[in-house]
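The structure appears below as structure tokens.
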Amino acid sequence: QRDPREYLPALGELNALPSEEYRRFRIDAQLGRYESALGHLCAALWEDSDRWTEVAGFIQKHGLFRQGAELLADHERIGDVYVMYGDALAADKDWGQAAAAYLLSQKAVAQAVDAFVQNKEWRSAMSLASAANSGFGPQAVYDTARQASSVLEDHHLFGDAAAVLLEYTEETEDAVMLLVRGSHWAEAVRCSHARERSDLIETTVRPGMDAACESLEEDIGEIGEGFAAKVERLRTVRLTPLSQMTELAGVDDSVDVMPDTASMASQFSTFTATLTDISKITGSTARRLSKNKRKAERKRVRGKKGSVFEESYLVDSLSKLIARVRVHQDAVRNLNLALLQFGRAAAAARLQRVFAAVVEAVLQDGDWVFDRQRVLVQGDAGQIDLVDDVNAEGLPATPRLPKPAVPTMSDFDNPDIDNRLKYFTYKPVNVAPEISLAAYFVVGSILVWQMVRHRSQRWVAILPGTAFSEAIGYAFRTACVYNTTFGMYVAMMLFLLVPPNALALANYKAVGKIMRDSHAQPRWFWLKPGFVNWFYFGSDVFSICMQGAGGGMLTGTNTRDAGRAVVLVGLIVQLFFFACYLATAFYVWWRPEYTVHVSPSDVSHASAKRRVMLAVTLTTGILYLRSIYRIAEFADGYGGKIYSSEWAFYVFDTILIFIAFIVYIVFFIGRNFPRSSNVARAPSVGHELQQRPVDSSQLLVSKDLPV
């Protein structure tokens, strides 16, 4: 019992209170019955409105907001209760409930708007702020929109962040930038046109698209490399029996199995058995067991090479990589559609090809990775649990790590990218190949007529044969315009890439025939007719074979890079020998001892030689330019700017080769290389002095000739 002198003053103080409800409040509050105390305090508030400050403080102190709202539902201060409740919820970051509390107060519009903004509900925030009775002016609405956009941007909700700017501000440039960051390509383009800011497409959308394509390709490539490396390591691990693992049952070889205290106790076991028993339950032993358990867990997560945990670690890593592949599916499709819209079919095809290779690898190895798991997981004691429930093959009937949702080809396949884009990286026009086909057929026919007319030697048939081969190549290209197949594309590549190199064979043969038939004695061995014929002929055949093989490899997805390298080697070799041959040709043209047959249409021996050498050197120079273009094309790579430019192909290949044939027609070399030697030939200088005697009468006549 307490001394009456201790509680009598308190009783007197309570009796002095004028209100019974307030007296009950003081008693309940002192006894810790806060909800009951709040009820009496609210009842006292109805009697005396001056007690509001105490009511508000008591509600805040004890967090009795809900009870206060119920007790004061009909009181004029109910709005203040909800404001306090909203402030408390906002302090706890419960923005959704805070916004509701502020709305219930009907007097805290600004706080409600801010809560909606923080809760990423920008539509509710802006509808409240833009209301006529909200008290928000134009600048306040603008500031709210900017704040909402900033919050949404921080949470990577770029589409919503842009939408609020577009609707409530004039910040079109910032909005389009946010759409680009969020990969909302179609919306970014639409908004640029709708706001009459088409310049943003070039300054913001296109650069962002290029950066996104490069980043996405790099990320997908890293996923593919990581997947292949982990699958290869998993194959090696699964070939290793569990008994040969370096860490069996989660025990580290470098750690002693027995605890230190147990080892020390064993030294005294002959004196007392009690000491050994006590050592088994010491705190140090428990701490050591816990430490070993944590170490085993870290090893399992780390996937130490050679440990029993490595297989489960690899399977788990592969599962995460597959999840990343699925994440990229929509991004690849959306970006492909945007690239196609801007005529970037080459980039779209390249991106889809990279992604397709990763998906194909996942589809190929996914079942093997997850269906053939050897279940090795850590138990509660840090040990290895082996599942005894196995099937007929000795594999666990129910793998511990379930197989994730593996992507399928239909998940990312873009029907808009047809075979034309797959092989050409653009949609070829349907007029140019028909015109080229007709032009080369006419050229070939003219060359055949010239051969027959001048009874040219058989090797001159290389010229019309090449023209007809070009016509066949453009016939395949015409077919590819309407329906591109793998076979037609391969045939087109071979007939357009390889035959022009045969023109060099005709030039080599022409210069070789001139050197052989002139009977000149060269100073160096590389000017001997035999060496010139076989050296340049062999180099051109080698180049043709390299380009033909590489052209075939270019049509395959897996061999495209290797094919590009092969074609590049062939073109570079050809370019080198073209330069050497041009030097030889100019030497033959310059030296007077090298002559050609004179046809009836030739005015003189010099004009005949000039006609042949002009045809040879001009066409070789054209072939040299065409080879430079081809080298740049293949060095730029499949899908590069040069490869994807159809106009470049027609300018630097089709038109250049056609000009070469026009040169052959105008300066037809077949007339100077007839099948029979019934045409006069200019004798070489040395040969003429040795074989023909000098006629003195001719010398005298020559003196009378005018100078």
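With the requirement that a residue be within 18 Å of ARG26 (Cβ to Cβ) and either in contact with an Asp or Glu (Cβ under 7 Å, 6 or more places away or on another chain) or crowded, with 18+ Cβ neighbours inside 10 Å (or both), what does the stretch 57-66 give you? It would help to see each step written out before you state the result.
Step one: filter the stretch 57-66 for residues within 18 Å of ARG26 (Cβ to Cβ), giving 57-59, 61-62, 64.
Answer for the stretch 57-66, where residues must be within 18 Å of ARG26 (Cβ to Cβ) and either in contact with an Asp or Glu (Cβ under 7 Å, 6 or more places away or on another chain) or crowded, with 18+ Cβ neighbours inside 10 Å (or both): PHE58, ILE59, LEU64.
Condition test on MET488, is it free of Cβ contacts under 8 Å to residues at least 24 places away in the same chain, in contact with a Cys (Cβ under 8 Å, 6 or more places away or on another chain) and open to solvent by 10 Å² or more (accessible area, probe 1.4 Å)? Break it down stepwise before answering.
Details: free of Cβ contacts under 8 Å to residues at least 24 places away in the same chain: yes; in contact with a Cys (Cβ under 8 Å, 6 or more places away or on another chain): yes; open to solvent by 10 Å² or more (accessible area, probe 1.4 Å): yes.
Answer is yes for this residue.
Kindly check whether there is at least one residue in the stretch 157-168 that is more than 30 Å from LEU64 (Cα to Cα) and in a loop (DSSP other than H, G, I, E, B).
If we filter the stretch 157-168 for residues that are more than 30 Å from LEU64 (Cα to Cα), which is where we start, we get 157-168.
This time we only want the ones that are in a loop (DSSP other than H, G, I, E, B), so: 157.
Checked the stretch 157-168: at least one residue is more than 30 Å from LEU64 (Cα to Cα) and in a loop (DSSP other than H, G, I, E, B).
Quick check on the stretch 32-42: of everything there that is open to solvent by 30 Å² or more (accessible area, probe 1.4 Å) and of a type outside the set (Lys, Arg), which residue is nearest to ALA101 (Cα to Cα)? Step through it out loud before you land on a result.
Residues of the stretch 32-42 that are open to solvent by 30 Å² or more (accessible area, probe 1.4 Å), as a first pass: 32-36, 40.
Still in the list and also of a type outside the set (Lys, Arg): 32, 34-36, 40.
Values: GLY32: 27, TYR34: 22, GLU35: 20, SER36: 23, HIS40: 24 Å.
Top of the filtered list is GLU35.
More than 59 Å from the chain's Cα centre (by Cα), at pLDDT 85 or above and of a type in the set (Phe, Trp, Tyr): which single residue out of PHE58, PHE116, PHE25 fits that description? Break it down into steps so the answer makes sense when it comes.
Working: PHE116 fails: more than 59 Å from the chain's Cα centre (by Cα); PHE25 fails: at pLDDT 85 or above.
The conditions single out PHE58.
Residue-by-condition table, conditions (1) open to solvent by 10 Å² or more (accessible area, probe 1.4 Å); (2) of a type in the set (Lys, Arg):
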| residue | (1), (2) |
| --- | --- |
| LEU571 | no, no |
| TYR581 | no, no |
| THR584 | yes, no |
| ARG591 | yes, yes |
| ASP602 | yes, no |
| ALA606 | yes, no |
| ALA615 | no, no |
| THR620 | no, no |
| SER627 | no, no |
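So which of SER134, SER124 ends up being at pLDDT below 90 and either farther than 21 Å from SER105 by Cα or surrounded by fewer than 20 Cβ atoms within 10 Å (Cβ to Cβ) (or both)?
On the way: SER124 fails: at pLDDT below 90.
On inspection, the qualifying residue turns out to be SER134.
Between ALA583, ALA506, ALA579, which is in contact with a Leu (Cβ under 9 Å, 6 or more places away or on another chain) and at pLDDT 80 or above?
Residue meeting the stated conditions: ALA506.
When residues of the stretch 629-670 are filtered for being open to solvent by less than 20 Å² (accessible area, probe 1.4 Å), out of contact with any Ser or Thr (no Cβ under 7 Å at 6 or more places or on another chain) and in contact (Cβ under 8 Å) with a residue 60 or more places away in the chain, how many remain?
So the answer is 9.
Which one of these is farther than 23 Å from VAL596 by Cβ, among the polar types (S, T, N, Q) and in contact (Cβ under 8 Å) with a residue 60 or more places away in the chain: SER469, SER518, SER436? Let's see the steps before the verdict.
Numbers: SER469 fails: in contact (Cβ under 8 Å) with a residue 60 or more places away in the chain; SER518 fails: farther than 23 Å from VAL596 by Cβ.
On inspection, the qualifying residue turns out to be SER436.
Go over the candidates TYR489, TYR474 one by one and state the one that is part of a helix (DSSP H, G or I) and closer than 27 Å to TRP449 by Cα. Before the answer, list the steps.
On the way: TYR489 fails: closer than 27 Å to TRP449 by Cα.
Selected residue: TYR474, the only one of TYR489, TYR474 that is part of a helix (DSSP H, G or I) and closer than 27 Å to TRP449 by Cα.
Determine which member of the set GLU217, GLU173, GLU187 is more than 25 Å from ASP154 (Cβ to Cβ), open to solvent by 20 Å² or more (accessible area, probe 1.4 Å), modelled with pLDDT of 85 or more and in a helix (DSSP H, G or I). Step through it out loud before you land on a result.
On the way: GLU173 fails: more than 25 Å from ASP154 (Cβ to Cβ); GLU187 fails: more than 25 Å from ASP154 (Cβ to Cβ).
Testing whether each residue is more than 25 Å from ASP154 (Cβ to Cβ), open to solvent by 20 Å² or more (accessible area, probe 1.4 Å), modelled with pLDDT of 85 or more and in a helix (DSSP H, G or I) leaves just GLU217.
I need the full set of residues from the stretch 335-366 which are of a type in the set (Phe, Trp, Tyr) and in a helix (DSSP H, G or I), in order please.
Here is the first cut: in the stretch 335-366, the ones of a type in the set (Phe, Trp, Tyr) are 342, 355.
Scanning the stretch 335-366 gives a single hit, PHE355.
The values are calculated or read from the model by the stated rules, or taken from the named source; none is laboratory data. Bear in mind the structure is a predicted one, so any value in this text is a computation, not a measurement. All Cβ positions, glycine included, derive from the backbone under ideal geometry; neighbour counts span all protein chains shown. For accessibility, only protein heavy atoms count, side chains too; no ligands or nucleic acids. Shrake-Rupley method; radii C 1.70, N 1.55, O 1.52, S 1.80 Å.
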